[in-house]
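Trainee: Mind having a look at this structure? Questions to follow.
The values are calculated or read from the model by the stated rules, or taken from the named source; none is laboratory data. These figures come from a predicted structure and were not determined experimentally. Here the Cβ positions follow ideal geometry from the backbone for every residue, glycine too, while neighbour counts run over all protein chains shown. Side chains included, ligands, DNA and RNA excluded: accessible areas come from the protein's heavy atoms. Shrake-Rupley method; radii C 1.70, N 1.55, O 1.52, S 1.80 Å.
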Amino acid sequence: MTDRNRIIIVGAGHNGLVCAAYLARARREVLVLEASDRVGGAAITREFAPGFRVSACAHICYQLDAGISRELKLGAHGLKTAHANLRTVALATEGDHLVLHGGRLEAGLLPDKDRAALADYHDRMLRFARVLGKQHNRRPPRIGGGGRSELIAAAMLGLDIRRLGRDPMREFMRIAGINIFDVLEETFETPLLKGALALDAVLGTNLGPRSNNSVLTMLHRLSGQATGVTGGLSLPAGGMGAVSEALAAAARAGGATVRTGSPVASITLEGDRVSGVELESGEKLAAGTVISNADPARTLLQLVGARHLETGFVHRIRNFRSKGMAAKLHLALDGLPGFARLAAQRAGDRLVIAPDPVYIDRAFDHAKYGQCSPDPALEITIPSIHDRTLAPAGRHVLSAIVQYAPFDPRASTDAARAEFLERTLGLLERYAPGLRRQVVASELLLPADIEREFRITGGHWHHGELALDQILMLRPVPGAAQYAMPVDGLYLCGAGCHPGGGVMGAAGRNAAHAVLGGERAA
Amino acid sequence: MRHKDHFKTAVYQTPFHPRTSFDLTPMTKHRITGKDALPFLNRLITRDIAKIKPGRVGYCVWCDDNGQVIDDGTVFHLREGDYRLCSQERQLDWLTRSAHGFDVKIVEDTHEVAALALQGPTSCAVLKAIGCTGAEKLKPFDIAYFPFADGELMVSRTGFTGDLGYELWIDPARALELWDALFDKGGNHGIRPMGTHALEVARIEAGFIQAQVDFLPADQAIRIDRSRSPFELDLGRLVDFSKPNFNGRRALLEERRRGSRYRLVRLDIEGNKPARSAYIYDSKRNVVGTVTSAEWSPSAKSNIALASMHMPWGRPGDELWAEIYYQRELKWSRVMARCRVVEGAFFDPPRRRATPAADF
C-alpha cells in the first residue's frame, strides 16, 4: 500500500523541487529522482573552468514567485541575493550608453519625447504584464470542459483584462498578438533604446523582433516579481544553483527525499495508469503518482512512449514547438573587462548588445535558415562583481545569452560552435577592447548542447515556445493543460506547462495543487 | 485500360437477384506489416486484434481521441503479423500519424489488388465451379488461398450483404481472367453483375452502416455533434476496454459513465414508401431522430430504415413516426408513417452462417 501512496517526481529542476516541497508540506511521501549529480536542472551553478563557477543556463532571476519564496521560507533555507535589482545598460559602439532602470533613464542621452514615452511605455507594459502574472498561480480553464470551475476560471481571465479599463484593454487586445518591432516603432525614435527593449522581448525565444507573439513573450518576461519588484532583475548569491539548493532544502525539510544521479529510463504503466518508474540502472520504483519535471516530448514520447497514448495527443505533443535559439556563453577572465566609456560601477549591471531592432532581426534571419548570427545580440552579466564566491580573487566570470544559434545548424554543431564563439568574442572585443586577452577559459553552449546537458528536448529554456497557441489552456497542448496527462496518475510540472519557464516555480506549485485536487476528486 | 476499371459494372440488377458480383477494387486497402503490426492495430482499433488469428478477418471501427468513429472496415490477418485493412475512406494520413513510435510499415495498395465481391446463395457453387475445391469449408470470416491461372486466388468468406458470400482477391493482371472464368462457369448458377443500388439494398437489409451515409467520419466533421461514437452506432460490441490503451478509450469510458447522446436503430416502417432522410417524431410530434438509410426490402418484404435517434428514444416499443416525402408523377406528397424498432438484421438467412456452405 505504501507504494501506491508514494509520489515520484522525475527531475529535480526548480519546478520539480517546488512541487516536491508543496506535496511534502501536505504530508505526502515524495521521492524526487534527478538524472544529474546535482539538483536544479537548468537552474544550477557549476564550475566550467578551475575556480570559475557560473549559472550554467538561466543566469538572471527575474520571475521567482514571491509567494513561493515566502511559503517555502527560501530565505531560511539559505537563499540570499547578491544584487536585488540590476540596471540595464544598452551598450553603444560610439557615443553614450543608455542606463535604464525600470522606466527611468539614469544615464545617457535620449530626446525628451523618448524619455517621456519610456516612462509611459514601462507603466503600460507592467500593467499588462500583471494581467499575465495573475494567471500564473491559477490552473488554466479546460476548453469545452463546461464545468462551473472552468467557466469561472475563464471568466477570471476575461475580468482581469476588462479591469484594465476601456482604453488599456483595447490596447492590450491590440498588441498581445503582434510583434515588438511595430510597437517600438510607433513609440520611440532612438534605435539604441528600441534595440534594448526589443531584446527583452525575444530573449530565449525562437522569435525575431518582427515575429508575431514577441509582445507576449516580453510581457511574460516582465510578469514575474523577483525580490518584490515587478519586472525586476536579481542575482542570487551563489548563482542560480543557490535557488535550487534552497528549494531542495525546503523539500527535504518537509520530508521529501531527493536522489541525484538517478536517471529515469521509463515511466512504467500497469493497465491504463502509472505504476512507477524504471531507472537507467534497471532499478524499479513503484508509485501511484508520477509527476514529470521533464519537458512534454521527453516525458510523453520517451519516458511513457507513444504507443501508450492516443494518436491525436501524440501528434499534438510532437508538434509542440520546442526548438531553442539561444546560446549561452561563459568566459573565465583574469580581470574585470573594460567596456569602452562604461563607468566601472556599471559593469556589474545587465549589459545588452542590441544596437537596434533591425540588428536583432538580421541576427534572427541567419538562424532561421540554419546559421548562427554573424552579429549576434547579447545579454551579459558579470556576476562575480557582486558575488566573490564565483571566481578566484581578482578574476571574473562573464555569463551571456547569445542570440541566435539554431538548434540544428547546417554546419555540424562542433563547427557552428567554434565559429559562433569566434564571432561572439570578436563582437565583445569591439565593445570591450582587450577582453580577448583576458579570457582564461571559455565555454559556449548551443541549443543542442543545452538539450544534452539539461535534457531539454530542443534546448529551449521554456521547454517550448511561449506563444498564443502554446500558453494558458493551450500549454503544452489542448486537453493536457491542467497538469494531469491522459494517463491516470501522470502529471507534468515543468516549464512546458502553464505558465511556462523562467525560474518562477509556479508550474511546480500549480501541479502540486492539481495532484492534491485530483486525490480529493478520486 | 487501368486495372481499377477491370470490374466496371454498369448493369442495374434487381436487388433480390440471388447471385451477384460487385467490383471492390476502388475500396481503400492498406497493407500493414512489421514487428509492431499487432500492437499498432490494437492501439488504432477499438476491438482486440490479437483475437483475429492468421487466416481470419474481423470487422472493426477506429476512433479519434474523442472516441468518435473515423471509419469502419475489415482487418484481414493474412499471415502471421501481416495485415490488410480495408475501408471506404482514405486512411493513409491517419494510419501514418498513428504509426509514430511503432516499428510498422504501412502501404496503401488499393490499386495493386483487384477485388470482387461474389455474394448470394449460389456463390459457393460458383467458386467450386472455377476450381476452388473445398471452398465450402470456409467458415464466416475465414481466408483461404486457391491456385488460379498459374497464380493464387485469395478467397475470404466476407461481404457487405447479409447473405452467404465471398470476396475474391487477385493480382490485377489476372483480374479479367477471373471475371471471365466466373461468368463462363457461373452461368448455370445465375451469376450477374450487381450495381450500387442493389448493394445498398442488401447492406441495409443486413443492417450494415456506411461512412458518409449513416455516420460522418469524425475527421471530416466540423460541428461537434455530427460525429458518432461506436456505442452510438450500435457497435459497442467492438469496443474492448480490457485493452489498456486504444484511440478513443478514455473518451469512450467517459461516455459509458455519462451515457451516449444517440443510438442507431433499425426501423420497420408502415407502407412501402422508402423513408429516405425522414425525420422521426415521437407521439407528441417532437423530432427525436433522423433516418440515415432507407429502402424497400424485397427480401424481408418490409419498408426498412436505419435511423440515428436522440437518447433515450429508439427503445423497442417506443411510439415513433416517420415523416416521408415522396414523388408521384412529379408531384410531391407527404405521409406520416408508424415505425417499429426492430432488433437484429432485417434479412438474416441461416445459409449466411452455415458451414459447409450449401450449393443453393
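Trainee: Restricting to the stretch B:36-48, name every residue that is surrounded by fewer than 23 Cβ atoms within 10 Å (Cβ to Cβ) and either under 16 Å from the mean Cα position of the chain (by Cα) or within 14 Å of another protein chain (Cβ to nearest Cβ) (or both).
Mentor: Residues satisfying the conditions are B:Asp36, B:Ala37, B:Leu38, B:Pro39, B:Asn42.
Trainee: Go through (1) closer than 30 Å to A:Arg38 by Cα; (2) free of Cβ contacts under 8 Å to residues at least 12 places away in the same chain for A:Cys57 and report which single condition fails.
Mentor: The failed condition is (2).
Trainee: Among A:Arg316, A:Arg321, A:Arg341, A:Arg346, which is the only one that is at the interface with chain B (Cβ under 10 Å from one of its Cβ atoms), open to solvent by 30 Å² or more (accessible area, probe 1.4 Å) and in contact (Cβ under 8 Å) with a residue 40 or more places away in the chain?
Mentor: A:Arg316
Trainee: Which of (1) within 14 Å of another protein chain (Cβ to nearest Cβ); (2) closer than 21 Å to A:His460 by Cα; (3) of a type in the set (A, V, I, L, M, F, W, C) is the odd one out, the single condition A:Leu269 does not satisfy?
Mentor: Looking at each condition in turn, A:Leu269 falls short on (2).
Trainee: Quick check on the stretch B:204-261: of everything there that is surrounded by fewer than 17 Cβ atoms within 10 Å (Cβ to Cβ), within 11 Å of chain A (Cβ to nearest Cβ) and touching a residue at least 60 places away in the same chain (Cβ under 8 Å), which residue is nearest to B:Thr28 (Cα to Cα)?
Mentor: Once the filter is applied, the top-ranked residue is B:Asp219.
Trainee: When residues of the stretch A:28-70 are filtered for being at pLDDT 95 or above and within 25 Å of A:Glu519 (Cβ to Cβ), how many remain?
Mentor: Summing the residues that are at pLDDT 95 or above and within 25 Å of A:Glu519 (Cβ to Cβ) in the stretch A:28-70 gives 7.
Trainee: Let me ask you something else. Identify the single condition in (1) in contact with a Phe, Trp or Tyr (Cβ under 7 Å, 6 or more places away or on another chain); (2) without any contact (Cβ under 8 Å) to a residue 24 or more places away in the chain; (3) not basic (Lys, Arg) that B:Gly101 does not satisfy, given that it satisfies every other one.
Mentor: (1)
Trainee: Given the structure, is A:Asp114 part of a loop (DSSP other than H, G, I, E, B), of a type in the set (D, E, K, R) and either touching a residue at least 40 places away in the same chain (Cβ under 8 Å) or under 20 Å from A:Arg346 (Cβ atoms) (or both)? Reasoning before the result, please.
Mentor: Working: part of a loop (DSSP other than H, G, I, E, B): no; of a type in the set (D, E, K, R): yes; either touching a residue at least 40 places away in the same chain (Cβ under 8 Å) or under 20 Å from A:Arg346 (Cβ atoms) (or both): yes.
Taking the combined requirement at face value, the residue does not satisfy it.
Trainee: Which numbered condition trips up A:Asp334, out of (1) open to solvent by 10 Å² or more (accessible area, probe 1.4 Å); (2) without any contact (Cβ under 8 Å) to a residue 60 or more places away in the chain; (3) touching a strand residue (DSSP E or B) at 6+ places or on another chain (Cβ under 8 Å)?
Mentor: Looking at each condition in turn, A:Asp334 falls short on (2).
Trainee: Does the stretch A:293-308 hold any residues that are more than 11 Å from chain B (Cβ to nearest Cβ), assigned to a helix (DSSP H, G or I) and farther than 17 Å from A:Leu466 by Cα, and which are they?
Mentor: Answer for the stretch A:293-308, where residues must be more than 11 Å from chain B (Cβ to nearest Cβ), assigned to a helix (DSSP H, G or I) and farther than 17 Å from A:Leu466 by Cα: A:Arg298, A:Thr299, A:Leu303.
Trainee: Another question about this same structure. Filter the stretch B:64-110 for residues that are within 14 Å of chain A (Cβ to nearest Cβ) and polar (S, T, N, Q); which is surrounded by the fewest Cβ atoms within 10 Å (Cβ to Cβ)?
Mentor: In this case the residue turns out to be B:Thr96.
Trainee: Just to be sure, is A:Ser281 open to solvent by 20 Å² or more (accessible area, probe 1.4 Å), more than 22 Å from A:Leu472 (Cα to Cα) and away from every other protein chain (no Cβ under 14 Å)? First the steps, then the outcome.
Mentor: Details: open to solvent by 20 Å² or more (accessible area, probe 1.4 Å): yes; more than 22 Å from A:Leu472 (Cα to Cα): yes; away from every other protein chain (no Cβ under 14 Å): yes.
Considered against the rule, which asks whether it is open to solvent by 20 Å² or more (accessible area, probe 1.4 Å), more than 22 Å from A:Leu472 (Cα to Cα) and away from every other protein chain (no Cβ under 14 Å), A:Ser281 comes out as yes.
Trainee: At least 3 residues that are closer than 30 Å to A:Leu98 by Cβ and in contact with a helix residue (DSSP H, G or I) (Cβ under 8 Å, 6 or more places away or on another chain) in each: list the helices (runs of 4 or more DSSP H) lying fully within the stretch A:398-517 that qualify.
Mentor: Values: elements: A:413-431, A:435-438, A:447-454.
Helices (runs of 4 or more DSSP H) meeting the threshold: A:413-431.
Trainee: Tell me the residue from A:Thr260, A:Thr289 that is away from every other protein chain (no Cβ under 14 Å) and open to solvent by 30 Å² or more (accessible area, probe 1.4 Å), please. Break it down stepwise before answering.
Mentor: Details: A:Thr289 fails: open to solvent by 30 Å² or more (accessible area, probe 1.4 Å).
Of A:Thr260, A:Thr289, the one residue that is away from every other protein chain (no Cβ under 14 Å) and open to solvent by 30 Å² or more (accessible area, probe 1.4 Å) is A:Thr260.
Trainee: Since A:Leu336 meets every condition but one in (1) more than 15 Å from A:Val439 (Cβ to Cβ); (2) in a loop (DSSP other than H, G, I, E, B); (3) hydrophobic (A, V, I, L, M, F, W, C), which condition does it not meet?
Mentor: (1)
Trainee: What residue, of B:Val113, B:Val126, is under 30 Å from A:His315 (Cβ atoms), in contact (Cβ under 8 Å) with a residue 40 or more places away in the chain, surrounded by 20 or more Cβ atoms within 10 Å (Cβ to Cβ) and away from every other protein chain (no Cβ under 14 Å)? Break it down into steps so the answer makes sense when it comes.
Mentor: On the way: B:Val126 fails: under 30 Å from A:His315 (Cβ atoms).
Just one listed residue meets the conditions, B:Val113.
Trainee: Right, next: What's the number of the only condition in (1) touching a Phe, Trp or Tyr at 6+ places or on another chain (Cβ under 8 Å); (2) away from chain B (no Cβ under 14 Å); (3) among the hydroxyl-bearing types (Ser, Thr, Tyr) that A:Thr311 fails to meet?
Mentor: (2)
Trainee: Do we have A:Arg25 as surrounded by fewer than 21 Cβ atoms within 10 Å (Cβ to Cβ), closer than 13 Å to A:Ala251 by Cα and of a type in the set (D, E, K, R) here?
Mentor: Working: surrounded by fewer than 21 Cβ atoms within 10 Å (Cβ to Cβ): yes; closer than 13 Å to A:Ala251 by Cα: yes; of a type in the set (D, E, K, R): yes.
Yes, satisfied.
Trainee: Further question: Name the single residue that is most open to solvent (accessible area, probe 1.4 Å) among those in the stretch B:132-153 being touching a residue at least 40 places away in the same chain (Cβ under 8 Å) and more than 19 Å from the chain's Cα centre (by Cα).
Mentor: Of the stretch B:132-153, the ones touching a residue at least 40 places away in the same chain (Cβ under 8 Å) are B:135-144.
Subset that is more than 19 Å from the chain's Cα centre (by Cα): B:135-138, B:144.
Working: B:Ala135: 0, B:Glu136: 40, B:Lys137: 141, B:Leu138: 12, B:Ala144: 20 Å².
Filtering first and then ranking leaves B:Lys137.
Trainee: Test B:Leu178 against the criterion of being open to solvent by less than 10 Å² (accessible area, probe 1.4 Å) and more than 22 Å from B:Arg256 (Cα to Cα), and give yes or no. Let's see the steps before the verdict.
Mentor: Details: open to solvent by less than 10 Å² (accessible area, probe 1.4 Å): yes; more than 22 Å from B:Arg256 (Cα to Cα): yes.
In short, yes.
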